[in-house]
Amino acid sequence: MVRPCFRGAERFRVMARLKMKTWMGFVIALSFLQSGYCQCPGCASDEICNNATSTCDCDLSLYTRSAVPPTPRLECLSGNMSLTISRCQLEKDHYDYSGLHLWDSSCRGVADITNSNATIIVRSELMANACGNQVSVNGSHVIFSNVLIIPGRVLRSGIVTRNNVTFSFSCAYHTTTLAALGTPVHVTPLPKEVSVPDVAGDLEPEMKLFKDKEFVIPFGVSETFPVDETLNVTII
C-alpha cells in the first residue's frame, strides 16, 4: 500500500479538516437529539411526544378545565351504539379516561384519533344484555339503553379528585330497519284481543314461531334468525 506523503503545513491542514468534520458530526448529532427526536407513534394534534417514554401525551395547555366532564357524542349505527369523548379534556378535568366503561365493566373504551384529536371510543353491540344493554319495545321501535361510567381520578395519596359521572343514553330503531340490517331481534308474543262477529266475548290469540313446517320445533326465547329465513307462524 502506498501512503500519501504530506509536508508539515499540508499535513496540519488535512488533520485539521478531519478533526473539524468529526466535531461537526458530533454537534449535528447532539443538536438532533436535543431537538425533541423520539420514536412515538402518530400523535394527534392535541398531543405531544414524550421523549422519556416514547408515547403521545396530551398537550393540556390547549384545554381549559371545566366543572363538568365533556359530553360524549352518541352515534346510533347499524350494528352498534358508539360513544366518542375527548381524552385530553377528560385528563384536564381530572377524570380517569382509562377507566371508562359501560354498565358491564368489561366493555371499556379504546383510544383513538377522531378529527385529528385524541379520543376514547366505547361501543356496544345491538343485542339484549350486550355490555349491560336494556331493551324495550314501544310498538314500532326497539330501544336499546345503557350507561357510560366515567370514574374520577384517584391520586397516589388516595385523594379522589372527582366523583364518578354517569351518562344514560339510548338508541331507537324502527323494527323494519332492524330487519333490513340483519340485526338479531328478540320476538316476544303479546296477546291481543280480537272481536269475532256473531260470537259472544273476546279471544286472546297467541302467536308462536316454529323452525319447521310441521310446527313441531319452536324457536327459543332468546334465539336469533337470519332476515331471509322463512318463519312458520301459528296463531292460537
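Some points to look at:
- Residues of the range 50-63 classified as part of a loop (DSSP other than H, G, I, E, B), of a type outside the set (A, V, I, L, M) and at pLDDT below 95, total: 3
- Where LEU126 falls short, out of the listed (1) open to solvent by 30 Å² or more (accessible area, probe 1.4 Å); (2) of a type outside the set (Phe, Trp, Tyr); (3) more than 20 Å from GLU47 (Cβ to Cβ): (1)
- Within the range 155-167, considering residues that are at pLDDT below 70 and not polar (S, T, N, Q), the one least open to solvent (accessible area, probe 1.4 Å): GLY158
- The range 53-65: number of residues that are loosely packed, with under 11 Cβ neighbours inside 10 Å and either among the β-branched types (Val, Ile, Thr) or more than 8 Å from GLN89 (Cα to Cα) (or both): 3
- When GLY132, GLY139 are checked against the criterion of being without any contact (Cβ under 8 Å) to a residue 60 or more places away in the chain, among the small types (Gly, Ala, Ser) and surrounded by 15 or more Cβ atoms within 10 Å (Cβ to Cβ), GLY132 stands alone in meeting it.
- Taking the range 62-84 as the range and being of a type in the set (Ser, Thr, Tyr) and out of contact with any helix residue (DSSP H, G or I) (no Cβ under 8 Å at 6 or more places or on another chain) as the test, the residues that pass are THR71, SER82, THR84.
- Filtering the range 96-116 to residues that are assigned to a loop (DSSP other than H, G, I, E, B), under 27 Å from GLY42 (Cα atoms) and among the polar types (S, T, N, Q) leaves ASN115, SER116.
Listed here are the residues, each with its yes/no results for (1) part of a helix (DSSP H, G or I); (2) at pLDDT below 95.
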site: GLU75; (1), (2): no, yes
site: SER78; (1), (2): no, yes
site: CYS88; (1), (2): yes, no
site: ALA118; (1), (2): no, no
site: ALA128; (1), (2): no, yes
site: VAL135; (1), (2): no, yes
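The values are calculated or read from the model by the stated rules, or taken from the named source; none is laboratory data. Treat the numbers as computed from the prediction; the structure is a model and nothing was measured. When we count neighbours, we look across all protein chains shown, and the Cβ atoms used for this are built from the backbone with ideal geometry, even at glycine. Side chains included, ligands, DNA and RNA excluded: accessible areas come from the protein's heavy atoms. Shrake-Rupley method; radii C 1.70, N 1.55, O 1.52, S 1.80 Å.
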